[in-house]
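Comments concern the structure below.
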């Protein structure tokens, strides 16, 4: 059991469950704790997804960072992304997102953080409630200006494509609404890209403050063109091994 958490139960729809329905005192998981992307409604709750980023597109419009939420059953005794011990067979939920680095130099100093649920005292693969999800989590990478995710999926016709998180939700719903209904595109891989920034303003004229960076399907530049921080894009493609028998 495992996968990307894209939807959750609601008061009017209990058929799209891929997540434990109750989180702490919430009857249903808040949407801002699910996987989110540009165009989704941001939250006003501290440490929930806000789409924070320090970049703009070619039209100088702000581009929101994504949030990736995953769940899986611990295969062995291990630690989660916050460094907490988890027993084999326990449910692990991990949420990757950008937030303000409280040790940074400004409110625009963002970091990639991971927020995990609190492990159970005894391993529980399907708990009635998940606790501890939705806090500040643990910083994984400091000085990250943007975080972007694409989902690689194959539809019922055998066509493979990469989707943003909102695009995939639309495609999956369209497949379910078709007549006759067809299977939602099967997610076979994830592409992740981050834009990292140097610690100090280099003030080096060799650095172009208006430089564009290719982050998967996005071509972006820093929102601040008054400083000369060194920036670099790091991207990775991850194959999902539970997609057995599929050709990526």
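The values are calculated or read from the model by the stated rules, or taken from the named source; none is laboratory data. Only a predicted model underlies this, so the values are computations on that prediction, with no experimental measurement involved. FYI the Cβ positions are ideal-geometry reconstructions off the backbone, even for glycines, and counts take in every protein chain you see.
Numbers at a glance
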| item | result |
| --- | --- |
| Among residues of segment 131-146, those that are over 14 Å from residue 84 (Cα atoms) and either at pLDDT below 95 or buried (at least 22 other Cβ atoms within 10 Å of the Cβ) (or both), counted | 4 |
| Unmet criterion (only one of (1) in contact with a strand residue (DSSP E or B) (Cβ under 7 Å, 6 or more places away or on another chain); (2) at pLDDT 95 or above; (3) under 18 Å from residue 172 (Cβ atoms); (4) part of a loop (DSSP other than H, G, I, E, B)) for residue 65 | (3) |
| Breaking point among (1) more than 13 Å from the chain's Cα centre (by Cα); (2) assigned to a helix (DSSP H, G or I), for residue 166 | (1) |
| Conditions (1) in contact (Cβ under 8 Å) with a residue 40 or more places away in the chain; (2) surrounded by fewer than 20 Cβ atoms within 10 Å (Cβ to Cβ); number of the one not met by residue 94 | (1) |
| Filtered residues of segment 154-188 (kept if crowded, with 19+ Cβ neighbours inside 10 Å, within 29 Å of residue 47 (Cβ to Cβ) and touching a strand residue (DSSP E or B) at 6+ places or on another chain (Cβ under 7 Å)) | 163, 164, 165, 168, 187 |
| Any hit, segment 145-165, residues being touching a helix residue (DSSP H, G or I) at 6+ places or on another chain (Cβ under 7 Å), under 26 Å from residue 220 (Cβ atoms) and without any contact (Cβ under 8 Å) to a residue 24 or more places away in the chain | yes |
| Subset of segment 92-112 [more than 12 Å from residue 144 (Cα to Cα) and within 19 Å of the chain's Cα centre (by Cα)] | 92, 93, 94, 95, 96 |
| Positions within segment 10-46 being under 22 Å from residue 184 (Cβ atoms), modelled with pLDDT of 70 or more and either crowded, with 18+ Cβ neighbours inside 10 Å or under 13 Å from the mean Cα position of the chain (by Cα) (or both), in sequence order | 29, 31, 33, 34, 35, 36, 37, 38, 40 |
| Residue match in segment 93-100 (condition: touching a helix residue (DSSP H, G or I) at 6+ places or on another chain (Cβ under 8 Å) and modelled with pLDDT of 95 or more) | yes |
| Pairs where the first residue, in segment 115-137, is free of Cβ contacts under 8 Å to residues at least 24 places away in the same chain and the second is in a loop (DSSP other than H, G, I, E, B), C-beta under 9 Å, 6+ apart | 121/87 |
| Residue satisfying condition, being exposed (fewer than 11 other Cβ atoms within 10 Å of the Cβ), touching a residue at least 24 places away in the same chain (Cβ under 8 Å) and closer than 27 Å to residue 98 by Cα, within set 199, 237, 227 | 199 |
| Some residue of segment 69-78 being closer than 24 Å to residue 143 by Cα, in contact with a helix residue (DSSP H, G or I) (Cβ under 8 Å, 6 or more places away or on another chain) and either crowded, with 19+ Cβ neighbours inside 10 Å or at pLDDT 95 or above (or both) | yes |
